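Scroll down for the structure; my scribbles are underneath it.
Values quoted throughout were computed directly from the atomic coordinates according to the rules given, and no laboratory measurement underlies them. Just so it is clear, the model here is predicted, and its values are computed rather than measured. Cβ: placed from backbone, ideal geometry, glycine included. Neighbour counts: every protein chain shown.
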Amino acid sequence: MNNLPPAPAAEVIPSRQAVGKPILFLHIPKTAGTSFLTTLHNLFGERRVVRLDGHNPQILHEIDTLARTRLDSLSCVAGHLPVHYFHPYLAQFQAFTLLRNPVARVLSLFRFLQRASEAELQRVGLAPRFTFDAFIESRAPGLYGQTNDGMCRLLCGDARVNDPNAPEFRSVADMPAVLEQALETLESLDFGIVENMAGTREIVRAAWRIPFPLDEYVKNATERGGSEDSVLNIRRIVQRNTLDIALYEKATALFAERLRAWRPPVEAHHPGAVFAPKLNQAVVVGDIPGRQGFHDFEKVGFSWMMAEVPVRIHFTAPQGARRVRLRLYSIGATYPMQDVALLVDGQRMAHRLTEQKERWYVVELDLPPGLRPISRLAIEPPYFVPTRFLSPDGRDDRSLALALADVTFLP
């Protein structure tokens, strides 16, 4: 949705809630990482999740500065970056990655690039309407490193296999030590398997001490195409990814062992995963952790609620809190705001609704007595509207109803 009005002015104070040891998400391309980043944004708040750009020529300096000066205010650092970039600082993070069947990962990359911009195609050495032959045979470093054992490259810790100017960049398949090093890295960190996201969410919940079940978000998914997944093309992918296939085979066995040993988290919850605001402090939604069911924070000052996932905020109320105030933006001027349901710990709450200006509303509810140590605020819009009905020529394929701007706990 473009050209949206900014949120009406409010005194919003950046939150400095404790975050605990930050997560390092080593994002291997085309491993459902974009969807997982939405989980991280909801879980910790967008402003505590930093995405690093691997194309930045100063990336090592940026990592060094971040590790020395900013970790106390962050919950997660993520990026398409090899693990060796972080070697001096790994002990300061709780590292995590996602693996995917190598054949499915390369096919997904092909389908993704079929929809990419001309500038992105130029970066990886492809022309518009490229064929699978051009894709899989490409020697352009930005693509070759992904279609030839890309998972092992990012996890092995050997800088040479990620340096296009080094002879090792083109000879990874002849370096069994790369596989051994990648497996050693994998054994030392938390990881998930894309083909078992339900199990991955349980592993993450236990490892990160999340006090509520995690939802699955699906973003940037690539649809199955046509002839690219022919037997011949699959064989060509296998030939170029023998190390990744071996890594994936060992990883799925290790993941199954960890899943069998899984137990619900019993330690104190991660301090950055539950909303613990101060009294009388309006907290912008991008700063609110413990969320579920929100699209990513937008520059206009709010986050739209998802149609596919229940909308919830897990919170610990500040001492003396008796009321909660929400500022909401609706999809249309005639949207039935009076039918929006608000529930606290499953109990539907009466609320007071005030229109600020067109499509902007303040909603206020009284908190029930006897709140839990970690309570849950649920927001249930009566229905969602496909954005294509409002903007037939737009590229936004979401269904939307309400956006949240900020939350304030009041005495």
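Counted by neighbouring Cβ atoms within 10 Å, the residues R153, R51, R291 run from fewest to most as R51, R153, R291. For the range 241-344, applying the loop criterion from DSSP together with a ceiling of 15 other beta carbons within 10 Å to the GluC sites (Glu not before Pro) yields E267, E308. Using a cutoff of 8 angstrom between alpha carbon atoms and counting only pairs six or more residues apart, the relative contact order for the range 283-410 works out to 36 percent. Whole Å is fine, so just give me how far the alpha carbon centre of the range 71-105 lies from that of the range 157-177. The two parts, judged by their Cα centres, are 20 Å apart.
Placing a label point 7 Å from the Cα of Q338 along the Cα-to-Cβ direction, the residues of the range 351-380 whose backbone N falls under 14 Å of that point are 351-355. On a per residue basis, the convex hull of the C-alpha atoms belonging to the range 283-410 measures out at 106 Å³.
Divided by 2.2 N^0.38 Å, where N counts the residues, the Cα radius of gyration of the range 286-344 comes to 1.25. Dividing the summed -39500 (n - 2.57) terms of all DSSP H runs of n ≥ 4 by the residue count of the chain sets its mean residue ellipticity at 222 nm at -8500 deg cm²/dmol. In this rough spin-label picture, where each label sits 7 Å from Cα along the Cβ direction, the E180-N196 distance is 2.7 nm. Just so you know, the averaged projected area of the alpha carbon convex hull for the chain sits at 21.3 nm².
Counting only aspartates and glutamates at least 8 places from K357 when in the same chain, those with an alpha carbon closer than 19 Å to its own are E11, D339, D406.
With a cut-off of 8 Å between alpha carbons and a minimum separation of six or more residues, what is the relative contact order of the range 23-260 in percent? RCO, the range 23-260: 26 percent. In the range 21-64, the convex hull through the Cα atoms has an average projected area of 3.7 nm², a quarter of its surface area.
Here the Kirkwood formula, the inverse mean of 1/r across different C-alpha pairs, assigns the range 198-330 a hydrodynamic radius of 18.9 Å.
Pairwise Cα distances in the range 23-260 exceed 29 Å in 27 percent of cases. Working value for the range 68-137: equivalent-ellipsoid semi-axes of 33, 15, 11 Å, each the square root of 5 times a Cα gyration tensor eigenvalue, largest first.
Take every Cα pair under 8 Å whose residues are at least 6 apart in sequence, average their separation, divide by the length of the chain, and the relative contact order is 19 percent. The range 367-411 and the range 310-328 have Cα centres separated by 13 Å. If R0 is taken as 30 Å, the Cβ-Cβ distance between R388 and Q122 corresponds to a FRET efficiency of 0.50.
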